[in-house]
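Have a look at the structure below before the remarks.
Readers should treat all values here as calculations from the given coordinates under stated rules, not as data from a laboratory. Bear in mind that the values here come from a model prediction, so they are computed numbers and not experimental data. Please note: Cβ atoms are built from the backbone with ideal geometry, for glycine as well, and neighbour counts cover all protein chains shown.
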Amino acid sequence: MKNRSKWRFAVDSGGTFTDVVGLDPSGTFHSLKILSRSSACDDPSIEGIRRMMGIGPEALLPEDEIQGIRFGTTVATNALLEQKGCKVALLVTEGFADLLEIGYQSRPEIFSLCIRKPDPLYSSVYEIGERIDRQGTVIRPLDENMIGAAIRQLRADNADAVAIVFMHSWINPAHELYCAEKLMEAGISTVYLSHQTVNLIKIVSRGQSTMVDAYLSTVLARYLQGITNHTGTIPVDFMQSNGVLAGQENFTGRNAILSGPAGGVVAVAALARERDLKGVIGFDMGGTSTDVSRYEGTYEKVYERTIADIPLQAEMLDIVTVAAGGGSILNFDGQKMTAGPQSAGAVPGPACYGFGGPLTVTDANLMTGRLIPDYFPRTFGTDGTSSLNREIVKKKFSDLADEINAAMKTDLTPEQVALGFLRIANEKMALAINEISVSRGFDVRSYGLVCFGGAGGQHACSIATLLDIDTIFIHPLSSVMSAYGIGLAKRAWSMARTVLHPYTGDRHQGLVTLYEEIEGALIEKNIREHVPYTIKRELDLRPQGAESFLTVEYHSYEKTVELFNRQYRRLFGFQPETAQIEIVNVRTEIRESGEFLLPFQKKSACEPKETHRAYSDIYYPEGVRNAPVLHMESMPVLEKIQGPAFVIDNNVTLLIDPGFEAVKDDTGIISIKRLTVGKKPLHRQSSRPDPVLLEVFNNLFMSVATEMGITLQNTAFSVNIKERLDFSCAVFDAEANLVANAPHIPVHLGSMADTVRALVEDKTVSLKPGDAYVANSPYRGGSHLPDLTVICPVFSEGGEVIFFTAARGHHSDIGGTTPGSMPPSASHIDEEGVLMENLLIVRGGEFREEKLRNVLSDHTCPARNISERLHDFRAQIAACRKGMKELNRLIQHHGRETVVAYMRFIQENAEYAVQQSLGKFLKDSPVFHSAFEDCLDDGTPIRVAITITAGEHPPETVAVSIDFTGTGEAHTNDNLNAPESVVRSAVLYVMRCLINTEIPLNSGCLKPVRIVIPEGSLLKPVYPMPVASGNVETSQRIVDVLLGAFGVAAASQGTMNNLLFEVQGEHPYYETIAGGSGAMDGCPGASGVQVHMTNTRMTDPEILECRHPGVMLERFTLRRGSGGKGLFEGGSGVVREIRFLKPATVSIISERRESAPYGMQGGSGGKKGRNRFRRANGSVRELKHREVMSAERGDSIIIETPGGGGWGRISS
């Protein structure tokens, strides 16, 4: 390496440690770790540099001895997560004051009755009268009076920053710029404009990105000023989430979120290039979580990401984080052992730290000998001078082993318990790696695994075995890998601009001018004279009508189309027609050439005489092994080290397992090769479940269902499945019991088992290998006709059915009298579309397309767009086959008996969890009884009586009867009837919500539950009674009644507020609208959120208007005050007003317009919803809860959704 005259530094400031990598003037690398929080210094990054240079703690950094410093920091991330930003005011288009608070209206955890939404980042909001349409035309001039009033109030509020977010400013920023000018004239200088933050369509994520930059502005300003105070004129740069560097002037909050982890990805990519590897997986295991990434020649990036429940538009490296790290807390729930997701953090930390912390993965490594206290610094314990406390760990594992053995009738040793927890953690991390590789069509078996982070070395061989990866790489700087990567990164500037045009050859050529305009601005602003740089151009392309896009490099038109088709085909299994491709955004990046840190090279040194210093015992499932302990520095070059063995340095403990061989090359990089194919894990056969395997198989079965869902989403053709994610995939045992369900839509949860059971019980069906069936009958397990379920039997080698896989998807149309197959009123099921019962669609590998076409078209109200239906059927078949493949893989790896046994065991575990939860209602009584009744808006009662009995040996004998006797009769003149399977789904949803822990969602949840539904009632319709509204509306009221009987929560809005319209000349549009959730003891209701049986996302307002130019969204705000009063208030509903610019047919299907959501424990009810229709002449008509109308140009529909009920009487 060429000698350099000055030091160069790269720093990664993490939550626990700050890592520093330095390159001295002679070209020698140095590294150190320092605690990020210490009273001994004011800035650990500067202190680390001082120590490395050997200067005093108070000395200024010598500007003449340092070439430059690069920083990665968590300051922005921490401020966002802890909500410690500055005081921000928001100026927004009139009618959208609460848009950023409502967001996309979906709730983050579908089974949490206490819905936690992030607080708005702004402290005040001001609506400004103005409007620009989707084409950039001003249709409502800026209201000068409203601007003036806002400025006067802003002065009084004394806000630190102002964010301006106007509709369609991405295409015409004139109003934002004028507003900013007025603010500047008034002396308000810290102003953030959404079009300058992200010049892309989607006001919600663009607006949130602008808010984040404004909210973090003073935090970053203080941080940057502190750095400047120490560095003076030394050149400094800062790492961004997209893997490139920015100067102080361009370093913003939203681009700093993944600052440190991005450095690790850059270092992993550099190692892959140096070794000429086909692809690598980055595995960064820290104390709280593990970050995984994939690199195969180019960086994987994402352009939208949700951080702290805030949707952002920002270019970021694609890093998947799993809640499994050294600090993951170990638990036992009475049957099952779990690792995480909760973490002990740095304080109190793992039990072995001696600060009173719980058992963690780190403690399991210590207990099994994978960590050696003698090689850790003595900085632990209350005195700060102790080593890791092995005795505390032994005592805690011994106590936990006793608890597990007593509960499970096992005889596990403390070491076996610790090994079990390690296996659970390893399986979770391996599944995260599958998510970024196998699930996206990449085979990782030919990849290398690059391990780094404080805990990665203890788990590397186990992870490689689980993934069938043959080679592991450990870099000499693995303990400071992110800092090293920050030193390798380059300065770059990028810009994106939304286009939204069909992609043709002429349009492609016309983009050159746009690229040159963007690049010219970037170069003029950022590139210094005589500095070499490269330019990278990219396009975001998608099929017309789709929401998501793929990013490809810009070449010739033909090559660009080829790249897009290749990437699309790999992900989705087919390619769209070229004529239907749309340009979404253009992207360009200007990147400086040159190096800051060259790739690490180890200085030559004399070969050490000692090869190891000691031996240490390590526990494996097969027994104890005595392993040599080598220091990384003294490990001989090119000598093969057979496992088991330890390789350690000051910050890393690397474990080489038996069956692996390690070699260190002359650069100091250690390569670990897998010599033998991993043995099948040892299983203790028993009639009782193993607490370790119970959690392992729970995760494995869930991963099968998840992989099925990914396959379905990737291969589906319709927007409804691919974009809105209105589908569910599941695995069933031979008796059609649900084993694992990857839930997206709660109303699907319990009903799919009934559909599979109907196939099993159908005597006219002869199941054969390779078969696929489709069904949607609401009388035999279906929810409503558009929800079509494809079912595939899985056979053993002996020809016996052992499993089923099923995929249910909401098709956008299956026939009926109205587009979308959801007429507001119907008296016969045929009016809602085509009904299918166990229709064979694949036999002998042949897709029976002609038969399907005939069924879909030979109907009084045939299906529309049959080609799209067939595409989605193929996708569902592909999903089921993916499930079959994964189940067969599990059998090959674990054995059929074990897999089948644990299908039964995890159902028993779910049953036990429900019994424990129900037992809490009993308290000290043998019986709990409660009844509750509510009415639909037409007066039809829904009544339930709940009786919980303890039995002889609770909780194992706890049972519950849920009796709907007294519910109103079935409807023959409308479709509010709810199929029995939907009732089961609602009961299963409530059972799962009552359990305040993660459990497998399966048929076991309903085993202690007896459901009684009277014949002839609204909840047990028979052919030919229609059901479309019952699936979406009555299902919500069933949940409210059940929660009312249990007494756990006030009523939520109790409706989905279904809005359907078809504008003249456009495709139909359907949405469900959020409302208020009910309050519960200790938790107020959430506002503007989807509740209970649905969780679909709302289309972004700008996207809505671009897709449907015949409408304009006039208002989308919270209906403040609509939540019920109480000790804990109910959440507020929303107000949504849509104006029609062309004639349209409009339908509304809603409830809670006559019957208000109830309050609980003295809390008042939420306000009823309201539907209104405003004519262009200003006249307003009140609408019924279910109505169809014709709209003319200028007419509007106004929907005010219900609030949630309040909880608890307010004391006088």
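Summing charges over neighbours of Ile802, with a neighbour being any other residue whose Cβ is under 13 Å away from its Cβ, gives -3 when K and R count +1 and D and E count -1.
Of the beta bridges DSSP finds with both residues in the chain, what % are antiparallel, to the nearest 5? Approximately 80 percent, going by the DSSP bridge assignments.
Take every pair of alpha-carbon atoms less than 8 Å apart whose residues are at least six positions apart; their mean separation over the length of the stretch 492-592 yields a relative contact order of 50 percent. Sorted on the mean count of surrounding Cβ atoms within 10 Å across their residues, most packed first, peptides 263-270, 165-172 read 263-270, 165-172. Each Lys and Arg contributes +1 and each Asp and Glu -1, all at the Cβ; summed about the Cα centre of the stretch 457-566, the dipole is approximately 260 debye. From the alpha carbon centroid of the stretch 1132-1157 to that of the stretch 1059-1094 is 10 Å. Across the options Leu277, Ile164, Pro1084, the greatest Cα extent toward the positive end of the charge dipole of the chain (unit charges at beta carbon of Lys, Arg, Asp, Glu) belongs to Leu277. In this rough spin-label picture, where each label sits 7 Å from Cα along the Cβ direction, the Gln196-Ser556 distance is 4.2 nm. Positive-end ranking of Leu400, Val1134, Leu183 along the dipole of the chain, with charges on Cβ about the Cα centre, is headed by Leu400.
Mind checking the stretch 1130-1206 for GluC sites (Glu not before Pro) that DSSP puts in a loop (not H, G, I, E or B) and that have at most 12 other Cβ atoms within 10 Å?
Glu1192
The length gained on full extension between Thr306 and His953, counted as 0.36 nm times the residue separation minus their Cα-Cα distance, comes to 228.3 nm. Starting from the Cα gyration tensor of the stretch 681-801, take the square roots of the eigenvalues, sort them a ≥ b ≥ c, and report rounded, prolate or oblate (rounded when a/c is under 1.5, otherwise prolate if a/b is larger than b/c, else oblate). It is oblate, given that a/c is not under 1.5 and a/b is not larger than b/c. Rounded if a/c is under 1.5, else prolate if a/b is larger than b/c, else oblate: which is the stretch 93-203, with a ≥ b ≥ c the root eigenvalues of its Cα gyration tensor? Oblate shape, in that a/c is at least 1.5 and b/c is the bigger or equal ratio. Ordering Gly22, Cys880, Asn199 by the projection of their Cα atoms onto the charge dipole of the chain, which places +1 on the Cβ of Lys and Arg and -1 on the Cβ of Asp and Glu, puts Gly22 at the extreme positive end.
For Tyr1023, the shell of other residues with beta-carbons less than 15 Å away shows a net charge of -4, using +1 for Lys and Arg and -1 for Asp and Glu.
Report the charge-dipole magnitude of the chain in Debye, nearest 20, computed about the Cα centre from +1 at each Lys and Arg Cβ and -1 at each Asp and Glu Cβ.
420
The trypsin sites (Lys or Arg not before Pro) of the stretch 849-958 that meet both conditions, a loop assignment by DSSP and at most 14 other Cβ atoms within 10 Å of the site Cβ, are Lys923. Extension gain for Ala407 to Arg445 (0.36 nm times residue separation, less C-alpha to C-alpha distance): 9.7 nm.
Evaluated with a Cβ-only charge set (Lys, Arg +1; Asp, Glu -1), the stretch 264-320 carries a dipole of roughly 180 debye about its Cα centre, given to the nearest 20.
In this rough spin-label picture, where each label sits 7 Å from Cα along the Cβ direction, the Glu622-Asp858 distance is 6.3 nm.
Which FRET efficiency, nearest 0.05, do Gln248 and Glu639 yield, Cβ-Cβ r, R0 60 Å?
0.80
Of all lysines in the structure, those lying under 25 Å Cα to Cα from Lys84, and not within fewer than 8 positions of it along the same chain, are Lys117. Converting phi to 3J(HN,Hα) with the Karplus coefficients 6.51, -1.76 and 1.60 and the offset θ = phi - 60°, the stretch 253-261 yields x, 5, 8, 9, 4, 10, 3, x, x Hz in sequence order, with x at every glycine or proline. Applied to the stretch 691-699, the Karplus parametrisation 6.51 cos²θ - 1.76 cosθ + 1.60 on θ = phi - 60° returns per-residue 3J(HN,Hα) values of x, 6, 5, 4, 6, 4, 6, 4, 5 Hz, with x for Gly and Pro. Here's the list of aspartates and glutamates a cross-link from Lys923 could span, going by alpha-carbon distance under 18 Å and ignoring same-chain residues fewer than 8 apart: Glu952, Glu956, Asp1081. Charged neighbours of Asp1040, selected by a Cβ distance under 12 Å, balance to -2 (K, R count +1; D, E count -1). Set the Förster radius R0 to 30 Å, insert the Cβ-Cβ distance between Asn973 and Met1189 as r into 1/(1 + (r/R0)^6), and round the FRET efficiency to 0.05. So the FRET efficiency works out to roughly 0.95. Along the stretch 727-740 the Karplus relation, 6.51 cos²θ - 1.76 cosθ + 1.60 evaluated at θ = phi - 60°, assigns HN-Hα couplings of 7, 8, 10, 8, 10, 10, 7, 5, 8, 6, 7, 5, 9, 8 Hz to successive residues, with x for each Gly and Pro. Rounded, prolate or oblate: pick one for the chain, where a ≥ b ≥ c are the square roots of the eigenvalues of its C-alpha gyration tensor, a/c under 1.5 means rounded, and failing that, prolate if a/b is larger than b/c, else oblate. Oblate shape, in that a/c is at least 1.5 and b/c is the bigger or equal ratio. In this structure, Asn78 and Arg904 have a Cβ-Cβ separation that, at R0 = 60 Å, corresponds to a calculated FRET efficiency of about 0.85.
Counting only residues at least eight positions apart within a chain, or on another chain, the lysines with an alpha carbon under 28 Å from that of Lys851 are Lys722, Lys763, Lys768, Lys882, Lys885.
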